[in-house]
Structures are given as C-alpha cells and as structure tokens.
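K.L.:
Sharing a structure below in structure tokens format, with a few things to ask.
The values are calculated or read from the model by the stated rules, or taken from the named source; none is laboratory data. These numbers were taken from a predicted model, which means no experiment stands behind them. A quick note on method: Cβ atoms are made from the backbone with ideal geometry, for glycine too, and the neighbour counts reach across all protein chains shown.
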Amino acid sequence: MAAKFEFGSKLDGFYIPYASVRRRASPKNLVYGAHGRIHRGGSDDAWAIHREHFARSAYIRLYGPKASRVFSRPNWPEIRRALYRQLVYARKIIDSDPWWSVLNLCRLVYDFKRGSIVASKLGAARWALKSLPSRWKPVIKSAIKTYKGPADGKNRKTLKRDARKFLGFASIRVIAFDIALDSRRQKTAYLRKSRTGTRR
C-alpha cells in the first residue's frame, strides 16, 4: 500500500494470530507494518486500550465477526496500567515529538477525568482547550496544527517552550484524577456490597 498509495506509508498495524487474540496478556513477537515496511518482533503495549476500543465499537469493521466476539474486554486495572505506560512514553518523547506527546497528554487527562478511553487525541485536545486553564491553549493549538499539517516556526517554538511544562501539569492532573476516580470506585463498590447485604 505504501508503494501504490500516497498515504500508504502512514498506515500502521499488527498482524495478530487468532490464538493470541483471546489472551489478556499483551501479544508478543508480532509482525507489524509501519513507515511503509513490514517488521517483526513487535508487541502491543496498548493492548488493553485497544480491546476497550473494540468493546465500545470505536472501530470500523471491514470483514469478519464483531470485535466483541473475538477480543476479551479488559478490566479497569489493565486499562489503568496501559494508560500509565502511555504517560511514560509521552515523557520519553516529549523533546523529539512534542506535538504527539501534548495531544496524548490531553487524552490521558481526559481519560482519567472521565474514566473512559474512547476519545481520540484530537477530540481530547478540543476538550482540553475548553476545560483546562487558558495558559495551555497555545501549546495545545500548536500540537493540533502540527498534527494536521507541517509545523511552522511559530508552532515549533511554542512546542519547544511549553511542551515539557505541559507534561508536568498534565502528569499532576492525571495522578489527581486517578486518585479521585479510585475513591469513587471504592465508594461504589462499598455501596454495591451494602445493597447486596441488605437484600440478604
């Protein structure tokens, strides 16, 4: 596809054996396509996130059964671990790919705020523009513009100046929202147990 189509080299994806699909553990040693070439030895560090997307029908089915009949749905601890791996990765590439990191940080803040992971990077960035302090609007807008097309000097300068600062802010928000989300889940679990006990 990379040889025949203009955007073929921008596609990426894994080839996952059916025997590995039903497992909860992240599949290893996968054949995958990236940058217009076929590679071997890949793994899906966002396996739980992808399975949740499938469970919520956040995909386009081209052929075969529905994804919910193929992939097992992850639980919140699995999703949470995968989200924190995304945070670690964003920190790792904040200087080399600041636009990607900023957009993914927006999504991580959104995910922990809502307890849901179906938002796209752009969707979460648009939410962040409305919901986060206005001081972060320039760096988020620069990340969006870079995502949509070649970055100009102004956007590169803004990302270089503010991306790492936004990383610090977003990391604190992620932890705060995670703690609040965990507290709500514990309270809900307690209420569920209480109701079950009352029925008995």
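K.L.:
Considering each residue of the stretch 3-40, count those that are under 18 Å from Y89 (Cβ atoms) and small (G, A, S), and give that number.
P.N.:
2
K.L.:
Those residues that are polar (S, T, N, Q) and either in contact with a helix residue (DSSP H, G or I) (Cβ under 6 Å, 6 or more places away or on another chain) or in a helix (DSSP H, G or I) (or both), I need them from the stretch 25-39; list them, please. Don't jump to the end; show me each part of the working.
P.N.:
Taking the stretch 25-39 and keeping what is polar (S, T, N, Q), we get 26, 29.
S26, the sole residue that qualifies.
K.L.:
Okay, moving on. So is G41 in the same structural domain as G8 (by TED's automatic domain parsing), surrounded by fewer than 16 Cβ atoms within 10 Å (Cβ to Cβ) and over 30 Å from S142 (Cα atoms) or not? Spell out the reasoning first.
P.N.:
Working: in the same structural domain as G8 (by TED's automatic domain parsing): yes; surrounded by fewer than 16 Cβ atoms within 10 Å (Cβ to Cβ): yes; over 30 Å from S142 (Cα atoms): yes.
Judged against the criteria, G41 is a match.
K.L.:
Got a sec? Which of V109, V31 is touching a residue at least 60 places away in the same chain (Cβ under 8 Å) and of a type in the set (V, I, T)?
P.N.:
It is V109.
K.L.:
Which residue pairs have Cβ atoms under 6 Å apart, sit 6 or more places apart or on different chains, and have a first residue in the stretch 115-141 that is farther than 16 Å from R173 by Cα and a second that is among the hydroxyl-bearing types (S, T, Y) and buried (at least 16 other Cβ atoms within 10 Å of the Cβ)?
P.N.:
A119/Y110; P138/T158; V139/T158
K.L.:
Of all the helices (runs of 4 or more DSSP H) wholly in the stretch 40-122, which have at least 2 residues that are among the hydroxyl-bearing types (S, T, Y)? It would help to see each step written out before you state the result.
P.N.:
Numbers: elements: 47-55, 76-92, 98-114.
Output list reads 76-92, 98-114.
K.L.:
Give the stretch 130-180 a look and list any residue that's acidic (D, E) and assigned to a helix (DSSP H, G or I), or say none.
P.N.:
Passing the criteria: D162, D178.
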